[in-house]
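Peer 1: Here it is: the structure, laid out below.
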Amino acid sequence: MSLALRHELSVDKTKKKKRKELTEEQKQEIKDAFELFDTDKDRAINYHELKVAMRALGFDVKKADVLKILKDYDRESTGKITFEDFNEVVTDWILDRDPQEEILKAFKLFDDDDSGKISLRNLRRVARELGENMSDEELRAMIEEFDKDGDGESMFWQITPHIILLLIFSPF
């Protein structure tokens, strides 16, 4: 094997091992979620608070997941975990998320009829659920921006991550 090829392979391995870091916004979201659900403000949360906090951060946690976290991190058998432990767990989970999977989940929130497209009806429902009063004209304009085949709907493959985020977080 050539020296140049060995160097390329070692660089690739280094890149794979390099751990991504959370943004300041993500760190703040973790802190906010913990503080919101630490109802007695003792800097520790119990099973129910942990489950709700993790769901608030977008994780579909099951009972078994929450029990395992508590088992692994509740060293003093209090039935609670501290902020530091919560931060460690959630940071790992966030960094392990698959961006494509997250985009698909977001798309499915809009595509409640499983048509594979976001229609005017889908957008109208989401706007209503968010308490936003948008005209059909405004909603159509959003769809038209991404409607590649002119059918009045946007298909999943037509929507890039940026567009999904725009649809989800745009100030309606």
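Peer 1: Can you tell me which residue in segment 130-142 is farthest from Leu104 (Cα to Cα), limited to those that are part of a loop (DSSP other than H, G, I, E, B) and open to solvent by less than 90 Å² (accessible area, probe 1.4 Å)?
Peer 2: Among those residues, the one meeting the criterion is Ser135.
Peer 1: Something else about it: Is it fair to say Leu3 is at pLDDT 90 or above, among the hydrophobic types (A, V, I, L, M, F, W, C) and open to solvent by 100 Å² or more (accessible area, probe 1.4 Å)?
Peer 2: Here the answer is no, as Leu3 does not meet what is asked.
Peer 1: Among the helices (runs of 4 or more DSSP H) lying completely within segment 45-129, list those that include at least 2 residues that are in contact with a helix residue (DSSP H, G or I) (Cβ under 9 Å, 6 or more places away or on another chain), open to solvent by 40 Å² or more (accessible area, probe 1.4 Å) and not aromatic (Phe, Trp, Tyr).
Peer 2: Fully inside segment 45-129 and qualifying: 47-56, 63-73, 83-95, 99-110.
Peer 1: While we're on this one: Note down all Cβ pairs under 9 Å where the first residue falls in segment 55-70 and is without any contact (Cβ under 8 Å) to a residue 60 or more places away in the chain, the second is in a loop (DSSP other than H, G, I, E, B) and among the hydrophobic types (A, V, I, L, M, F, W, C), and they're at least six residues apart or on different chains.
Peer 2: Arg55/Val61; Asp65/Phe59; Ile69/Val61
Peer 1: On the given criteria, is Glu29 crowded, with 19+ Cβ neighbours inside 10 Å and among the acidic types (Asp, Glu)?
Peer 2: Taking the combined requirement at face value, the residue does not satisfy it.
Peer 1: Do you know which of the residues in segment 32-44 that are open to solvent by less than 40 Å² (accessible area, probe 1.4 Å) and either aromatic (Phe, Trp, Tyr) or touching a Ser or Thr at 6+ places or on another chain (Cβ under 7 Å) (or both) is farthest from Ile94 (Cα to Cα)?
Peer 2: Within segment 32-44, the match that is farthest from Ile94 (Cα to Cα) is Ala44.
The values are calculated or read from the model by the stated rules, or taken from the named source; none is laboratory data. Source: prediction; values computed, not measured. Please note: Cβ atoms are built from the backbone with ideal geometry, for glycine as well, and neighbour counts cover all protein chains shown. In case anyone asks, the SASA skips ligands and DNA or RNA and just uses the protein heavy atoms, side chains included. Shrake-Rupley method; radii C 1.70, N 1.55, O 1.52, S 1.80 Å.
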